[in-house]
Every structure is written in structure tokens, then in C-alpha cells.
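Asks: Handing you a structure now.
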Amino acid sequence: MIPYMKKNSIFIIYIPLLLFCFLNCRNSASKKVSLSHIEFIKKGKKLIKEIYDSAGKIEMRQFFNKDTIPDGAMIEYYSNGTVATWLWYAAKHKNPYCGIFYNEQAVFDTLKGKPFLGIENNKNNKPLVKLINPPQITVKLLYKDFYMGKVVNDIMYDPLPTDTISWVPLDEYGHKQDHVYKIYFYIVDTIKTSLLYQDSLEINEK
């Protein structure tokens with residue numbers, strides 16, 4: 001009887017060990033399924049980092065400068081492929097300059113920061129306004145020329161989109177004494193065609 005009892009005891013001990021091994025193997029398999037892979041793409045002076053899940057769906061895309069510092073858009077996606085967040089990084093700033101947030105139906109939800117990125121001069125020495133260009137929304141710009149408190153000229157511009165940035169050349173601008181020049185930003189939902197945000201800025205002569 002004693003040898004019989006020992007065989008059963010050994011069998012009883014093996015059962016939990018086998019169960020543990022089975023569960024552990026299943027957990028390892030599930031972890032492997034969730035692995036993602038990273039790709040790098042060179043585009044002009046920019047380096048683009050893309051992260052994909054195991055099914056090949058994109059999870060994140062981010063732009064870097066030649067020194068591999070975040071410089072440009074960083075886009076995160078929901079599991080259904082729609083944009084979740086669109087953040088803009090400037091190389092001189094550690095944190096995002098501005099951000100657009102969407103719900104899972106790709107509809108605008110929130111804006112943080114400002115759409116205005118800066119003003120440069122073009123080859124004709126005219127102001128060239130740099131704006132964000134996120135998906136599913138469009139940025140419009142209204143230029144106004146004031147003299148003695150009255151509007152003497154106003155123009156609504158549709159920005160020229162180039163990848164993640166929009167440019168607006170203010171060809172009508174010409175600085176005159178006692179004139180005040182302002183630009184107004186309007187963010188419009190391209191799906192609902194509704195106004196989402198507005199702001200203004202005065203142009204100062206350098």
C-alpha cells in the first residue's frame with residue numbers, strides 16, 4: 001500500500017506544476033501578440049518615427065530634426081486608426097507648443113495652446129504667417145488694417161497647407177505710419193463646418 005500512496009502523491013504534485021506551466025505559456029504568448037515595431041523615415045531635413053502594433057496598425061508618428069530632437073508634429077492614433085492627439089513640438093521648447101485632441105469618431109474635441117507658430121519674411125520681404133495644419137480641421141486667417149480706429153482694409157485668407165504646417169503670405173501688408181495691423185485666427189471643423197476657436201495678434205514692425 002505504501003508504494004501506491006507515493007505514486008498518487010507524486011501525481012497530485014505534478015498537476016499544479018503542469019497547470020502553472022500551461023498558464024505561464026499562455027501569458028507569454030499573449031505578450032508576444034501585443035509587441036509593436038518601429039520604423040524611421042527620412043523626409044528632407046526631418047526624421048519621422050512611426051510605431052505600429054502587431055497587426056500593422058499605426059499607433060504614433062513623430063517628427064524630429066537632424067539632431068533627433070522633437071521638432072514638428074507628434075500624432076497618436078486610436079486603435080480604429082483615427083487621430084487621437086496632434087501635438088506640435090518646437091525644438092527650443094521641451095513641452096508641446098500646442099495640441100489638438102479628438103474623440104474616437106475623429107471629431108475635434110479640444111485645443112490647447114495657439115495655432116500661431118510665428119512670422120517670417122518671404123523673398124519679397126512680406127510677412128509670412130506660419131500656422132498649424134492638423135487633420136480634420138482648417139485654420140483661416142483674417143487680416144485687418146486699422147487707421148484712426150477704423151478698418152480700412154480686411155482680407156480673409158485660406159492658408160496654404162504643406163504637410164503639417166500652413167503658410168499665409170500677407171501680400172497686402174505694407175507698414176504705414178499710424179496704422180495698426182492685426183491678424184485673426186479661426187479654426188473650423190471641416191466635418192461640421194463650425195467655428196471651434198478664435199484668437200488675434202497685432203503685427204509689429206521690426
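The values are calculated or read from the model by the stated rules, or taken from the named source; none is laboratory data. Because the structure is a prediction, the values reported are computed rather than measured. Please note: Cβ atoms are built from the backbone with ideal geometry, for glycine as well, and neighbour counts cover all protein chains shown. Only protein heavy atoms, including side chains, enter the accessible area calculation; ligands, DNA and RNA are left aside. Shrake-Rupley method; radii C 1.70, N 1.55, O 1.52, S 1.80 Å.
Asks: Over the range 48-158, what percent of the accessible surface lies on carbon and sulfur atoms, probe 1.4 Å?
Replies: 48 percent
Asks: Once the principal axes of the Cα atoms of the range 77-206 are found, what is the range along each, listed largest first in whole angstroms?
Replies: 55, 33, 22
Asks: Quote the relative contact order of the range 80-206 in percent (integer), defining contacts as alpha-carbon pairs under 8 Å separated by 6+ residues.
Replies: 19 percent
Asks: May I ask you to give the average projected area over all directions of the convex hull of the Cα atoms of the range 34-148, in nm² rounded to one decimal?
Replies: Taking the Cα atoms of the range 34-148, their convex hull projects to 10.1 nm² on average.
Asks: Starting from the Cα of Ser36, move 7 Å in the Cα-to-Cβ direction to define the label point; list residues of the range 58-93 whose amide nitrogen is under 15 Å from there.
Replies: Those under the cut-off are 58-63, 74-87.
Asks: Next question, about the same structure. What does the charge add up to near Ile155, with Lys and Arg as +1, Asp and Glu as -1, over the other residues with Cβ less than 10 Å from its Cβ?
Replies: That sum, taken over residues with Cβ under 10 Å, equals -3.
Asks: What does the net charge come to around Leu201 if you take all other residues with beta carbon closer than 9 Å to its beta carbon, with K and R at +1 and D and E at -1?
Replies: With Lys, Arg at +1 and Asp, Glu at -1, the neighbours total 0.
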